[in-house]
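Novice: Handing you a structure now.
The values are calculated or read from the model by the stated rules, or taken from the named source; none is laboratory data. Predicted, not measured: the structure shown is a model, and the values here were computed from it. Using ideal geometry, Cβ is built from the backbone for each residue, glycine included, and neighbour counts are taken over all protein chains shown.
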């Protein structure tokens with residue numbers, strides 16, 4: 001069992017209190033929202049793709065625990081400027097590595113929520129939601 | 001630091017020695033404080049030994065064999081049925097049906113009674129505080145039959161709005177499905193009054209008693225409930241066994257739900273005749289060992305005394321309610337202690353329930369539930385995504401409440417805004 005000192009590391013609390021691109025994107029081309037039915041954590045990601053499949057910009061909104069929201073901030077920061085192909089390459093395991101502290105299976109679901117949302121978002125043009 | 005440790009109405013702390021799991025676990029360097037009893041309880045040595053004894057000496061399938069072990073198992077299984085009958089003061093042992101649990105019991109009534117008796121235009125009345133297990137089966141049966149599902153709302157303080165109940169109850173209402181104690185709010189509902197009014201309107205009543213049977217004396221005949229459901233694992237027994245109580249005349253009229261072995265009188269290639277009660281509703285091999293374990297749990301609860309358990313939990317919940325009421329920014333869900341059973345759920349504006357459950361576990365050894373507790377519609381109504389719940393049982397102590405409250409204070413401190421800045425990543 002990880003201890004909570006590992007779980008709530010300083011840089012995670014920093015992301016939680018001072019998140020990367022929390023908000024909405026006015027000229028978004030793609031968006032997706034999902035929730036974790038177990039706990040009600042919810043994340044919505046809006047992004048703008050250019051014609052070459054590059055993520056020009058992206059924002060998230062949501063509610064939930066520190067892990068679900070801080071991990072969304074970390075993921076968006078990581079994916080800013082990346083291409084769809086690079087996003088596809090970015091596995092669930094990569095997401096857990098990016099987060100850092102080892103998580104129990106239930107808390108992994110919190111951490112992977114935004115990762116699941118962004119993988120769907122790039123295939124969800126706005127208007128077809 | 002506890003103010004009520006000397007209270008004479010508390011149960012003796014020595015009964016904790018009957019529960020090996022309480023001393024076999026250390027979490028985050030602290031002995032386990034188990035406050036997740038509304039989800040499931042722990043077992044005393046007496047129940048664990050009863051289970052071992054069945055498996056080591058007496059186990060075989062029931063109602064089938066001539067041999068000695070089948071006779072022993074059958075005798076103990078049927079003795080368990082009689083124990084349950086006496087525990088809830090039912091009239092007949094064959095009104096006690098062994099199921100897999102509360103959920104299975106409610107589904108049995110929804111499918112067997114509901115699909116036979118409900119038609120388009122009829123109404124089923126439930127409440128907004130129901131566990132999903134007493135909501136979804138009625139949604140399903142209403143979808144199939146065209147009956148309409150209605151919900152009794154809450155008062156401001158989290159009790160059932162009985163004035164609204166009076167308005168919603170009509171000659172269209174065929175069944176009222178209501179929880180005796182809310183697993184989220186802790187609210188104790190006026191089952192006596194609900195049954196009387198429902199019967200006057202010509203409706204039957206199903207009581208989801210999963211959160212009350214383990215904690216206080218139950219007299220199903222005094223309630224005059226038509227159906228009642230509860231689970232073994234919430235009352236010191238094993239998981240995998242629950243009870244459906246139903247009045248004999250109703251159960252006799254209902255068609256069997258699951259078909260298979262045991263539930264038949266005669267089977268031909270082109271049809272069958274169902275068995276008499278209770279076998280009619282116990283298709284397949286029943287939860288033999290869990291039922292015998294549940295019987296041992298009832299013996300244990302009877303020895304301690306249901307009234308004494310209730311008093312003990314009331315002291316703990318009053319202590320918890322008073323302490324939590326002092327905490328800034330904390331919202332207690334549900335009514336004042338005099339209207340609630342032994343649990344308390346709470347929410348904060350800014351701090352998610354997961355943080356409480358995680359830190360309480362990792363740093364204080366306190367096990368609590370975080371989430372929606374299988375009451376999503378209720379949480380939505382209250383405008384919160386999730387809550388943290390502490391639920392008490394006979395082995396909890398005032399010191400456990402102290403530890404909970406200390407932990408909550410620490411979580412508040414840990415997650416308070418501190419003007420943190422994320423380290424900027426070079427783009």
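Novice: Hey, among the residues in segment A:1-36 that are outside any loop (DSSP other than H, G, I, E, B) and modelled with pLDDT under 90, which one's nearest to the other protein chains (Cβ to nearest Cβ)?
Specialist: A:4
Novice: Read through the list (1) part of a helix (DSSP H, G or I); (2) in contact (Cβ under 8 Å) with a residue 40 or more places away in the chain; (3) crowded, with 19+ Cβ neighbours inside 10 Å, then give the number of the only condition that residue B:280 fails.
Specialist: Just one mismatch for residue B:280, condition (2).
Novice: Residues of segment B:219-232 being buried (at least 24 other Cβ atoms within 10 Å of the Cβ) and over 17 Å from residue B:134 (Cβ atoms), which ones?
Specialist: B:232
Novice: For segment B:60-79, does any single residue satisfy the condition of being in contact (Cβ under 8 Å) with a residue 24 or more places away in the chain, part of a loop (DSSP other than H, G, I, E, B), surrounded by 14 or more Cβ atoms within 10 Å (Cβ to Cβ) and touching a strand residue (DSSP E or B) at 6+ places or on another chain (Cβ under 8 Å)?
Specialist: Of all residues in segment B:60-79, those in contact (Cβ under 8 Å) with a residue 24 or more places away in the chain come to B:61-63, B:73, B:76-77, B:79.
Keeping just the survivors that are part of a loop (DSSP other than H, G, I, E, B) gives B:61-63.
Applying the additional criterion that residues be surrounded by 14 or more Cβ atoms within 10 Å (Cβ to Cβ) yields B:61-63.
This time we only want the ones that are touching a strand residue (DSSP E or B) at 6+ places or on another chain (Cβ under 8 Å), so: none.
No: segment B:60-79 contains no residue that is in contact (Cβ under 8 Å) with a residue 24 or more places away in the chain, part of a loop (DSSP other than H, G, I, E, B), surrounded by 14 or more Cβ atoms within 10 Å (Cβ to Cβ) and touching a strand residue (DSSP E or B) at 6+ places or on another chain (Cβ under 8 Å).
Novice: Residue A:62 versus (1) surrounded by fewer than 19 Cβ atoms within 10 Å (Cβ to Cβ); (2) under 22 Å from residue A:8 (Cβ atoms); (3) within 13 Å of chain B (Cβ to nearest Cβ): which is the lone unmet condition?
Specialist: Every listed condition holds for residue A:62 apart from (1).
Novice: Pairs needed: first member in segment B:400-427, in contact (Cβ under 8 Å) with a residue 60 or more places away in the chain and facing chain A (nearest Cβ under 10 Å); second member anywhere, surrounded by 10 or more Cβ atoms within 10 Å (Cβ to Cβ) and in a loop (DSSP other than H, G, I, E, B); C-beta distance under 8 Å; at least 6 residues apart or different chains.
Specialist: Short answer, once both residue conditions are applied: B:411/B:351; B:415/B:350; B:415/B:351; B:417/B:350.
Novice: Further, regarding this structure: Restricting to segment A:82-116, and then to whatever is in contact with a strand residue (DSSP E or B) (Cβ under 7 Å, 6 or more places away or on another chain) and under 22 Å from residue A:14 (Cα atoms), can you tell me which residue is nearest to the other protein chains (Cβ to nearest Cβ)?
Specialist: In this case the residue turns out to be A:113.
Novice: So, in segment A:50-59, how many residues would count as being more than 12 Å from chain B (Cβ to nearest Cβ) and under 18 Å from residue A:117 (Cα atoms)?
Specialist: Here the count works out to 6.
The rows are residues; the columns are (1) more than 22 Å from residue B:188 (Cβ to Cβ); (2) under 25 Å from the mean Cα position of the chain (by Cα).
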position: B:239; (1), (2): yes, yes
position: B:243; (1), (2): no, yes
position: B:267; (1), (2): yes, no
position: B:271; (1), (2): yes, no
position: B:282; (1), (2): yes, yes
position: B:303; (1), (2): yes, yes
position: B:311; (1), (2): no, yes
position: B:329; (1), (2): yes, no
position: B:338; (1), (2): no, yes
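Novice: Next question, about the same structure. Would you mind listing the helices (runs of 4 or more DSSP H) fully within segment A:49-129 where at least 1 residues are over 26 Å from residue B:358 (Cβ atoms) and more than 10 Å from the chain's Cα centre (by Cα)?
Specialist: It comes to A:84-89, A:105-121.
Novice: Something else: Kindly indicate whether residue B:357 is under 26 Å from residue B:311 (Cα atoms) and either at pLDDT below 95 or not assigned by TED's automatic domain parsing to the domain that holds residue B:211 (or both).
Specialist: No.
Novice: Here's something else I'd like to know. Please work out if residue B:312 is in contact (Cβ under 8 Å) with a residue 24 or more places away in the chain, over 21 Å from residue B:27 (Cβ atoms), outside the structural domain of residue B:137 (by TED's automatic domain parsing) and surrounded by fewer than 18 Cβ atoms within 10 Å (Cβ to Cβ).
Specialist: The answer is no for residue B:312.
Novice: What number goes with the only condition from (1) in contact with a helix residue (DSSP H, G or I) (Cβ under 6 Å, 6 or more places away or on another chain); (2) surrounded by 17 or more Cβ atoms within 10 Å (Cβ to Cβ) that residue B:94 does not pass?
Specialist: Here residue B:94 clears every test but (1).
Novice: While we're here: Step by step: first the residues of segment A:40-49, then only those that are surrounded by fewer than 24 Cβ atoms within 10 Å (Cβ to Cβ) and at pLDDT below 95, then the one that is nearest to the other protein chains (Cβ to nearest Cβ). Which residue is that?
Specialist: Restricting to residues being surrounded by fewer than 24 Cβ atoms within 10 Å (Cβ to Cβ) and at pLDDT below 95, the top hit is A:40.
Novice: Among the residues of segment B:249-267, is any crowded, with 24+ Cβ neighbours inside 10 Å, touching a strand residue (DSSP E or B) at 6+ places or on another chain (Cβ under 6 Å) and at pLDDT 95 or above?
Specialist: no
Novice: To continue, here is another question. Answer yes or no as to whether residue B:52 is in a helix (DSSP H, G or I), closer than 22 Å to residue B:236 by Cβ, out of contact with any helix residue (DSSP H, G or I) (no Cβ under 7 Å at 6 or more places or on another chain) and touching a residue at least 24 places away in the same chain (Cβ under 8 Å).
Specialist: Numbers: in a helix (DSSP H, G or I): yes; closer than 22 Å to residue B:236 by Cβ: yes; out of contact with any helix residue (DSSP H, G or I) (no Cβ under 7 Å at 6 or more places or on another chain): yes; touching a residue at least 24 places away in the same chain (Cβ under 8 Å): no.
In short, no.
Novice: Right, something else. Inspect all residues belonging to segment B:323-334 and state whether any of them is under 25 Å from residue B:177 (Cα atoms) and touching a residue at least 24 places away in the same chain (Cβ under 8 Å).
Specialist: Yes: segment B:323-334 contains one or more residues that are under 25 Å from residue B:177 (Cα atoms) and touching a residue at least 24 places away in the same chain (Cβ under 8 Å).
Novice: For the subset of segment B:338-386 comprising residues that are closer than 21 Å to residue B:315 by Cα and surrounded by fewer than 20 Cβ atoms within 10 Å (Cβ to Cβ), which member is farthest from the other protein chains (Cβ to nearest Cβ)?
Specialist: B:338
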